[in-house]
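The values are calculated or read from the model by the stated rules, or taken from the named source; none is laboratory data. Everything numeric here is computed off the predicted structure, so don't read it as measured data. As a convention, Cβ positions derive from the backbone with ideal geometry for all residues, glycine included, and neighbour counts pool all protein chains shown.
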Amino acid sequence: MAELLKEELISVGLDLTKCIENSTDGASNMRGVYNGFTSHLSKLSLEQVHVLCHSHVLNLVICDATKNLVQVASFFTLLNSCAVFFKESYLRIDIWNEVSKTNSDNSRNKRLRTIGETRWSSKQTAVERIFGTFGDTKSSMYVDLIIAFTKVVQGEKFKPDIRAKANNYLDLLLKYETILTAHIFMNVFSITGPLSRYLQISGLDLLKCQQMVKSALSQIVKYQKDMENIIAKSDSFVEWVNNQLELQDLDNEIYLQEQFEIKRLRKKNE
């Protein structure tokens, strides 16, 4: 690959020996000390420096952060499963379209987003489609999702196993833990999202890029000590959702949990 790059640069009149820096995604075949792309490139231009692509590194870090903890992985699995549940059936997607068009004025967010394995940006979109942005409930379609699942659970035209699956998703969505996890990542994504998008544009300002990376790191460190604000935003969201659900004409009373479930500890026999 290094030889191919050399040939291409020569063909356009560029001298590879004057290359001072190269940037790759950090994969093993790129950064390998003995047989990696950068090692071969360094032989052709001894003074050049290899710099990892910050956009790719950020993508890997966020991907790991959203799947390493069981609770977090379960949260994003739930969001993806909800989207797949409605998209895999015409009857179910008709219910979703009916509910979302009736209750939401935001046409951009009417489609639920499935989550890709490799790009964390799809997780940000999935969260924002359902819960809105941090501190802003206007773009949220959470209430629509609850209503849609309720209609499936109560719909006699659906098979029992489908209604049971919908009821399971409904129970998970109504847990306080789900709301708190959503708000934690809404806050994280509000920091990493703009940075990631800027790192991927053409003609970026390297100085501004460095400043944005440092700013994002300091904001995340500051955010770690600000859980009280996250909890306050979550509680406000819960109150808003329950007020909205009271206005809906549903056969069963449905409420979002206002606090964590109190789990009983099993006493060990001595």
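Here is a yes/no grid of residues against (1) closer than 28 Å to Leu91 by Cβ; (2) free of Cβ contacts under 8 Å to residues at least 12 places away in the same chain; (3) crowded, with 16+ Cβ neighbours inside 10 Å; (4) of a type outside the set (Ser, Thr, Tyr):
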residue	(1), (2), (3), (4)
Lys151	yes, no, yes, yes
Lys165	yes, no, yes, yes
Tyr169	yes, no, yes, no
Leu173	yes, no, yes, yes
Tyr176	no, no, yes, no
Phe189	no, no, yes, yes
Gln200	no, no, no, yes
Leu207	no, yes, no, yes
Handout entry: Extreme residue, farthest from Leu256 (Cα to Cα), among residues of region 137-156 that are at pLDDT 90 or above and charged (D, E, K, R)
Key = Lys151
Fill in the blank from the handout: Taking region 133-145 and keeping residues in a helix (DSSP H, G or I) and under 13 Å from Val238 (Cα atoms) leaves Tyr142, Val143
Exercise for the section: Please determine, by comparing only the residues of region 1-55 that are assigned to a loop (DSSP other than H, G, I, E, B) and of a type in the set (Ser, Thr, Tyr), which one is modelled with the highest pLDDT. Expected result: Ser45
Exercise for the section: Considering each residue of region 141-170, count those that are over 18 Å from Phe75 (Cα atoms) and either within 26 Å of the chain's Cα centre (by Cα) or hydrophobic (A, V, I, L, M, F, W, C) (or both), and give that number. Expected result: 9
Handout entry: Residue satisfying all of: in region 115-136; of a type in the set (Val, Ile, Thr) and either under 10 Å from the mean Cα position of the chain (by Cα) or more than 16 Å from Asn187 (Cβ to Cβ) (or both); modelled with the lowest pLDDT among these
Key = Thr118
Handout entry: Pairs, first farther than 17 Å from Ile230 by Cα in region 122-135, second among the hydroxyl-bearing types (Ser, Thr, Tyr) and outside any loop (DSSP other than H, G, I, E, B), C-beta under 7 Å, six or more apart
Key = Ile130/Tyr142
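The rows are residues; the columns are (1) among the hydroxyl-bearing types (Ser, Thr, Tyr); (2) surrounded by fewer than 10 Cβ atoms within 10 Å (Cβ to Cβ); (3) farther than 30 Å from Asp144 by Cα; (4) modelled with pLDDT under 85.
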position	(1), (2), (3), (4)
Ser218	yes, no, yes, no
Ser234	yes, no, no, no
Asn242	no, no, no, no
Leu245	no, no, no, no
Lys263	no, yes, no, yes
Practice task
Return yes when Asn229 is modelled with pLDDT of 85 or more and surrounded by 11 or more Cβ atoms within 10 Å (Cβ to Cβ) and no when it is not.
Solution key: yes
Exercise for the section: Report yes if Gln200 is touching a helix residue (DSSP H, G or I) at 6+ places or on another chain (Cβ under 7 Å) and either over 26 Å from Ser121 (Cβ atoms) or modelled with pLDDT of 85 or more (or both), otherwise no. Expected result: no
Practice task
Please report, ordered by residue number, the helices (runs of 4 or more DSSP H) entirely within region 170-261 with at least 3 residues that are over 30 Å from Val61 (Cα atoms).
Solution key: 227-246
